[in-house]
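Here the structure comes first, spelled out in structure tokens, and everything after it is commentary.
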Amino acid sequence: MLGTLNIAAREKLDNMILVINCNLQSLDGPVRGNGKIIQELERSFRGAGWNVIKVVWGSDWDGLLARDPDGRLQQRMEQTLDGDYQYLSISNGAELRRFWTEGDPQLATLLNSLTDDELLAMRRGGQDRKKIYAAYHKAVQSEGRPTVSPHQDGEGRRPGQRRSGAQYQPHQKAAEQRGAPRLRPTAADPPADGGDRPRRLLPPRRRHPGRSALPAAATTGAGRLPAQA
């Protein structure tokens, strides 16, 4: 794909918006940790004439950055490699504090305004709806060239794990029973109050229209499975 980026820029396809989720994971496992993929993407796309809008840190960090006139926290962020981000994804609040403040008393003072739990809850840009919306809003206003928006993120929570980045098998979808209580507070549709066991899926009622509509739909068109044209 990188070899054809200049075509979109040459044709001035300003209605093209490409979003890249930089979650530091691939189907083969974690990406290499001694670089910064979001910076590499920026160089490639910007060199090909694209407009680049990076979404790196969430709104939770805005207050800290505003109270850091010397830019020490931003400098520490820019020095952080992808391998460090993978480590931070599975770290607790105390480990996060130690990483961000190591060897810098001013950063330690800056982060004293936050508890370990508050520091643990702070999001990256790809997890913040406000930041994502702001990036899209800016992208649609771009004229004369396409836009790419790399989003700094972490691999989705492993079912039953409390933190992102702990999903060792990206294709795993079933939650571990012992991990359900930890997953429950973050679920959009949590289990019923009767317990942590997931709710049993119920088929449509016997007289429900779906019981006859679904089999009928399967006998028309492409059938139950899509057929190759």
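The values are calculated or read from the model by the stated rules, or taken from the named source; none is laboratory data. In this text the structure is predicted, and so the values were computed from the model without any measurement. Virtual Cβ from ideal backbone geometry, glycine too; neighbours counted across all protein chains shown.
Across the stretch 45-101, the qualifying residues are those that are among the small types (Gly, Ala, Ser) and within 30 Å of Ile7 (Cβ to Cβ), and the one among them that is surrounded by the fewest Cβ atoms within 10 Å (Cβ to Cβ) is Gly47. Scanning the stretch 113-122 for residues that are part of a loop (DSSP other than H, G, I, E, B) and farther than 13 Å from Asp68 by Cα returns Leu114, Thr115, Met122. In the condition set (1) outside any helix (DSSP H, G or I); (2) more than 29 Å from Asp14 (Cβ to Cβ); (3) of a type in the set (Val, Ile, Thr), Val148 is compliant with all but (2).
Elements of the type helices (runs of 4 or more DSSP H) sitting completely within the stretch 1-112 and holding at least 2 residues that are at pLDDT 90 or above: these cover 5-10, 37-47, 62-66, 72-79, 93-101, 105-111. The one condition from (1) modelled with pLDDT of 90 or more; (2) buried (at least 19 other Cβ atoms within 10 Å of the Cβ) that Val140 does not meet is (2).
Taken across the stretch 48-59, residues that are touching a strand residue (DSSP E or B) at 6+ places or on another chain (Cβ under 7 Å), over 14 Å from Gly125 (Cβ atoms) and among the hydrophobic types (A, V, I, L, M, F, W, C) do occur, with at least one present.
Looking at the stretch 90-99, can you tell me whether even one residue there is of a type in the set (Phe, Trp, Tyr) and touching a helix residue (DSSP H, G or I) at 6+ places or on another chain (Cβ under 8 Å)? Checked the stretch 90-99: at least one residue is of a type in the set (Phe, Trp, Tyr) and touching a helix residue (DSSP H, G or I) at 6+ places or on another chain (Cβ under 8 Å).
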